[in-house]
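Values quoted throughout were computed directly from the atomic coordinates according to the rules given, and no laboratory measurement underlies them. Source: prediction; values computed, not measured. When we count neighbours, we look across all protein chains shown, and the Cβ atoms used for this are built from the backbone with ideal geometry, even at glycine.
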Amino acid sequence: MPVLVYIIVALGAYLIGSIPTGFLVAKAKGVDIRSAGSGNIGATNAMRVLGKPAGIFVLLMDALKGFGACFLGVLIYGHYFNQFNGLHSTSESIPFPSQEGVDHFAIIAGIFAVLGHNYPCWLKFKGGKGIATTAGVYLALAPWALLIALMFFILAVTVTRYVSVGSIVAAIALPVAVWAMPPHNLFLGIVTTALGALAIYKHKSNIQRLMAGTENRLGKKSEASK
């Protein structure tokens, strides 16, 4: 595959991920979400600042960005694979794209979708924490591993009433599930571990508030949020 194809997939996925859903929804309501609540553009802060319907919409759209980016990666791979073989094949039979190649491009797209959400060029590279977008990516890449991480998220939030704790627990559970569950994909395992570490790093302010006892519990309105 030409390097240009990788660049197109990465750039396209980044631009999809960089759509600041929470910021745009809040802006439509006359609110700059960066100056409200925790200042985060993610779904949790949107829910607390704008209400549950808006927050749920932001959550779904952020997840869709991740899923859509992976789908875009697969489409671009398939298109250029067929084009490349059509130009260079001397046989009447053109092989189908390999599953490994499809997975590879979907994973690359997923990485850049999360990076786009976390560091959107439209907002001076200050974005969300990537939890919903990562969920959308793994709905496409590893749905069973995502289900396990979601179960840990729900359990952690139920026990602690902290969304941030649930997100951190899920960020640990997801790579563990990916490494443990077949089929074992080395590239996906490494990427998932890196994305999990990034998600925990993006929650550093939440960790500081948890240690100080000032983190906002689920259902309470305050400046602290995910």
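Some points to look at:
- Under 5 Å from the amide H of GLU215 lie the amide H atoms of LEU210, each residue being 5 or more positions distant or on a separate chain, with H modelled from the backbone and absent for Pro and chain starts.
- Note on THR134, THR158: ascending count of other Cβ atoms within 10 Å places them as THR158, THR134, the fewest first.
- Of LYS52/LYS202; LYS27/LYS202; LYS126/LYS202, pairs whose Cα-Cα distance is over 19 Å: LYS52/LYS202; LYS27/LYS202
- Spin-label model, ASP32/ILE7: points 7 Å from Cα along the beta carbon direction are separated by 3.6 nm.
- Sorted peptide list for 12-25, 117-130, criterion being average Cβ within 10 angstrom, highest first: 12-25, 117-130
- When only the Cβ of Lys, Arg, Asp and Glu is charged (+1, +1, -1, -1), the dipole of segment 3-212 relative to its Cα centre reaches about 1140 debye.
- Only alpha carbons enter this Debye calculation for segment 112-226, each as an equal point scatterer, and the log10 of I(q)/I(0) it gives at q = 0.12, 0.22 Å⁻¹ is -0.43, -1.23.
- Taken about its Cα centre, segment 120-226 carries a charge dipole of roughly 460 debye when the Cβ of each Lys and Arg holds +1 and the Cβ of each Asp and Glu holds -1.
- Order of PHE112, PHE105 - criterion: other Cβ atoms within 10 Å of each residue's Cβ, fewest first: PHE112, PHE105
- Measuring spread by the Cα atoms of the chain yields a radius of gyration and Dmax of 18.8, 68 Å.
- Each of ILE168, ILE108 has some number of other Cβ atoms within 10 Å of its Cβ, and from fewest to most they run ILE108, ILE168.
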